[in-house]
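Notes follow the structure.
The values are calculated or read from the model by the stated rules, or taken from the named source; none is laboratory data. Nothing here was measured: the structure is a model prediction, and the numbers come from that model. Cβ sites come from the backbone with ideal geometry, for glycine too, and all protein chains shown count toward neighbours.
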């Protein structure tokens with residue numbers, strides 16, 4: 001579990017394809033290496049991976065084919081900058097929101113608008129069905145960054161986020177331009193609510209709700 005507060009921007013040192021279609025990624029962890037060990041979880045651009053080996057400040061991670069297909073990790077090359085976050089410890093402050101490190105989909109940067117002390121990035125989901133899990137003023141993780149949804153057009157599969165200078169300076173999102181891809185993890189609460197509603201849909205289909213103004217008055221509301 002993570003919070004979506006990026007602790008360090010690291011760099012990819014090497015990408016070694018594996019025979020099974022996966023890959024081993026070597027990443028410079030910087031100061032995070034001092035508190036890390038093999039077996040620990042690290043979120044790399046929002047993807048939860050396990051440290052397989054640690055040599056100095058460089059950690060090796062094994063990414064399975066599914067991860068490479070569903071995220072942007074499959075496009076990483078040596079020298080690429082990535083957002084890094086260590087797993088949340090019990091008792092740590094939760095400054096962002098609960099982020100699992102399980103990427104749902106990718107999105108494409110549509111436009112970037114900058115102001116004096118703010119910026120707004122527009123995105124379009126590569127798979128529009130995930131728009132149902134995004135709500136205005138709700139939480140979303142983009143490349144592992146905890147952000148607030150500024151607006152959402154579910155029909156178009158598009159959404160926007162507002163960015164402050166601190167986020168632009170301390171993460172990789174400030175370097176994203178039109179056409180760039182980002183990893184998207186929707187809010188875990190929204191997923192469960194949507195799943196519960198979809199599961200109940202067959203039970204309630206064709207039924208009329210008794211909850212109306214008359215019912216509320218009769219029950220003292």
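Looking at segment 111-132, I want the residues that are in the same structural domain as residue 183 (by TED's automatic domain parsing) and closer than 12 Å to residue 155 by Cβ and have a partner that is in a helix (DSSP H, G or I) and at pLDDT 90 or above with Cβ atoms under 9 Å, at least 6 apart or on another chain. Which pairs are those?
125/131
Please go through segment 157-170 and give me each residue that is in contact with a strand residue (DSSP E or B) (Cβ under 7 Å, 6 or more places away or on another chain) and on the phi < 0 side of the Ramachandran plot, ordered by number.
Filtering segment 157-170 for residues in contact with a strand residue (DSSP E or B) (Cβ under 7 Å, 6 or more places away or on another chain) gives 157-163, 167-168.
Residues satisfying the conditions are 158, 159, 160, 161, 162, 163, 167, 168.
Out of all the residues in segment 39-80, which are farther than 23 Å from residue 3 by Cα and surrounded by fewer than 16 Cβ atoms within 10 Å (Cβ to Cβ)?
Residues satisfying the conditions are 53, 55, 56, 64, 65, 66, 69, 74, 75, 77, 78, 79.
Quick check on my filter: what residues within segment 173-186 are at pLDDT 95 or above, farther than 20 Å from residue 98 by Cα and crowded, with 16+ Cβ neighbours inside 10 Å?
180, 181
Are any residues in segment 20-68 within 21 Å of the chain's Cα centre (by Cα), touching a residue at least 24 places away in the same chain (Cβ under 8 Å) and farther than 17 Å from residue 78 by Cα, and if so, which ones?
If the condition is that a residue be within 21 Å of the chain's Cα centre (by Cα), touching a residue at least 24 places away in the same chain (Cβ under 8 Å) and farther than 17 Å from residue 78 by Cα, then 32, 40, 41, 42, 43, 46, 47, 48, 49, 64, 65, 67 are the ones that fit.
Which is more than 19 Å from residue 45 (Cα to Cα), surrounded by fewer than 12 Cβ atoms within 10 Å (Cβ to Cβ) and modelled with pLDDT of 90 or more, of 137, 210?
Being more than 19 Å from residue 45 (Cα to Cα), surrounded by fewer than 12 Cβ atoms within 10 Å (Cβ to Cβ) and modelled with pLDDT of 90 or more holds for just one of 137, 210, which is 137.
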